[in-house]
Amino acid sequence: MSNATSKADRTRQLIIRATAPVFNAKGFAGTSMNDLTRATGLTKGSIYGNFDNKDAVALAAFDYNFSQMTEYMKNKILSVENAVERLLQYPLVYSNFLHIPFLKTGCPLLNTAIEADDTHPLLREKAAAALLFWKTAIENQVKRGIKRKEINNSTSPVQVAVVMMSMIEGAVMQAKLSGRSTDLRIAMDYLSQYINGLSR
């Protein structure tokens, strides 16, 4: 790899890391070129020398935000063996999401899904793929738990995934709007009870 290529890669990564929280906080429509130059310390020409347009930056930023979230969750999940304990990591993490630096601006999946629903088809595709990835990950944990006899074998993996994701995103939305974690904690406590019930 040449120095020029590695420098270009470093610049691209700098742009993605610096703009990811901006896009997550302000959304695609609400993020201006001034926001991007201010966040990166680069000129408009430098940004567009590395990305074709704002859309390309936004798509890369979404990937970065979602990968941060999944990596964080993966580390938490793999820190325990029991399937129920693994599922309990979700309410544990999300009950404290306002205190996790990269989630302070909200869940990138929820933020993007709301904004890009009809206005930005490429972002909508990214969000839909991320949603499916998350749903499949939860379903796989439930299937693993059934196989290991840690979760009741009459449990529906699809149902667990849908219930968990709906409760998490609904509670996150309320906490984000109110700026308070009270209702979020109530919902996550209830979700924890639901998950614990899977082992009976």
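Bear in mind these aren't lab numbers, they're just calculated from the coordinates by the rules spelled out. The structure displayed is predicted, hence computed values, not measured ones. So basically every Cβ, Gly included, is an ideal-geometry build from the backbone, and we count neighbours across all protein chains shown.
What is the sum of charges, Lys and Arg at +1 and Asp and Glu at -1, for the other residues whose Cβ falls under 12 Å from the Cβ of Gly145?
Taking every other residue near Gly145 into account, the sum is +2.
Residues with beta-carbon under 12 Å from that of Thr31, excluding Thr31: net charge, scoring Lys, Arg +1 and Asp, Glu -1?
Taking every Cβ under 12 Å from that of Thr31, the sum is 0.
Which of rounded, prolate, oblate describes the stretch 101-178, given a ≥ b ≥ c as roots of the alpha-carbon gyration tensor eigenvalues and a/c under 1.5 marking rounded, otherwise prolate only if a/b is larger than b/c?
Cα axes put the stretch 101-178 in the prolate bin.
Once the dipole of the chain is set up with Lys and Arg at +1 and Asp and Glu at -1 on Cβ about the Cα centre, which of Gly41, Asn82, Tyr194 lies farthest towards its positive end?
My answer, from the dipole projection, is Asn82.
Can you pull the one-decimal nm distance between simple spin-label points at Ile114 and Asn152, each 7 Å off the Cα toward Cβ?
Label-label distance for Ile114 and Asn152, simple model: 3.4 nm.
With a cut-off of 8 Å between alpha carbons and a minimum separation of six or more residues, what is the relative contact order of the chain in percent?
On the way: 191 pairs, mean separation 42.2, N = 200.
Relative contact order comes out at 21 percent.
Which peptide among 132-141, 61-70, 43-52 comes first, and what is the full order, when sorted by highest mean count of other Cβ atoms within 10 Å?
61-70, 132-141, 43-52
Please give the length that would be gained between Leu78 and Tyr194 if that part of the chain were fully extended, namely 0.36 nm times their separation in residues minus their C-alpha to C-alpha distance (nm, one decimal).
Taking Leu78 through Tyr194 to full extension adds about 39.7 nm, to one decimal.
Within a Cβ distance under 13 Å of Tyr64, other residues only, what is the Lys/Arg minus Asp/Glu net charge?
That works out to +1.
Compute the distribution of all C-alpha to C-alpha distances in the chain, in bins of 5 Å from 0, and list the percent of pairs in each, rounded to whole numbers.
1, 7, 14, 17, 17, 14, 11, 8, 5, 3, 2, 0
Report the Cα centroid-to-centroid distance between the stretch 48-91 and the stretch 123-200 in angstrom, as an integer.
16
Near Lys135, which lysines are there with a Cα under 16 Å away, not counting those fewer than 8 places off in the same chain?
Leaving aside lysines fewer than 8 places away in the same chain, those within reach of Lys135 are Lys74, Lys126, Lys143.
Between Gln159 and Ser178, what length in nm is gained on full extension when 0.36 nm per residue of separation is reduced by their alpha carbon distance?
Values: separation 19, 0.36 × 19 = 6.84 nm, distance 2.86 nm.
Additional length available on full extension: 4.0 nm.
For the chain, modelled as a Gaussian network with Cα springs under 10 Å, which listed residue fluctuates most, Asn53, Asn24, Asn82?
In the Gaussian network model the winner is Asn53.
Could you give the size of the charge dipole of the stretch 59-199 about its Cα centre, using +1 on the Cβ of each K and R and -1 on the Cβ of each D and E, expressed in debye and rounded to the nearest 20? Could the numbers behind the result be given before it?
Numbers: 15 positive and 13 negative charges, 85 e Å.
For the stretch 59-199, the charge dipole is close to 400 debye.
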